[in-house]
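Peer 1: Starting off with a structure, shown below.
The values are calculated or read from the model by the stated rules, or taken from the named source; none is laboratory data. Keep in mind the model is a prediction, meaning the values are calculated, not measured. We place every Cβ from the backbone using ideal geometry, glycine too, and count neighbours over all the protein chains shown. For accessibility, only protein heavy atoms count, side chains too; no ligands or nucleic acids. Shrake-Rupley method; radii C 1.70, N 1.55, O 1.52, S 1.80 Å.
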Amino acid sequence: MSHKRAKDVLPDELIAIIQRYVDGEYVYIPRKSGSELSWGEQSGARETLDERNKEIRKRFKSGWGKDQLAATYHLSMKSIERIVYKRK
């Protein structure tokens, strides 16, 4: 989430109204209902993890051991088990 200066994006009249309630304080303005993003959607992290997990499942099915996968991907055995046994 990036921060923007109010005077760069809001009209002066609206800033004056907001200042009556919160003068000089930080205010979080949530997204409109229905336009929320899931974790990792904007940065691409979700897609990257999904691809990594798909590759882990593929290697597991082709015979790689859980310990070998854990070492290769720097994950715990529990994490590898969650990935390979997760039902889609």
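Peer 1: Restrict the check to segment 5-25 and report whether at least one residue is outside any helix (DSSP H, G or I), among the hydroxyl-bearing types (Ser, Thr, Tyr) and at pLDDT 85 or above.
Peer 2: Restricting attention to segment 5-25, the residues satisfying the condition of being outside any helix (DSSP H, G or I) are 5, 10-11, 22-25.
Next cut, among the hydroxyl-bearing types (Ser, Thr, Tyr) only: none.
No, segment 5-25 contains no residue that is outside any helix (DSSP H, G or I), among the hydroxyl-bearing types (Ser, Thr, Tyr) and at pLDDT 85 or above.
Peer 1: Let me ask something else. Report yes if some residue within segment 50-57 is of a type outside the set (D, E, K, R), open to solvent by 40 Å² or more (accessible area, probe 1.4 Å), on the phi < 0 side of the Ramachandran plot and without any contact (Cβ under 8 Å) to a residue 40 or more places away in the chain; otherwise report no. Give the steps one after another, and end with the answer.
Peer 2: Start the filter on segment 50-57 by keeping residues that are of a type outside the set (D, E, K, R), which leaves 53, 56.
Checking the rest, the ones that are also open to solvent by 40 Å² or more (accessible area, probe 1.4 Å) come to none.
Checked against the condition, which is being of a type outside the set (D, E, K, R), open to solvent by 40 Å² or more (accessible area, probe 1.4 Å), on the phi < 0 side of the Ramachandran plot and without any contact (Cβ under 8 Å) to a residue 40 or more places away in the chain, segment 50-57 yields no hits at all.
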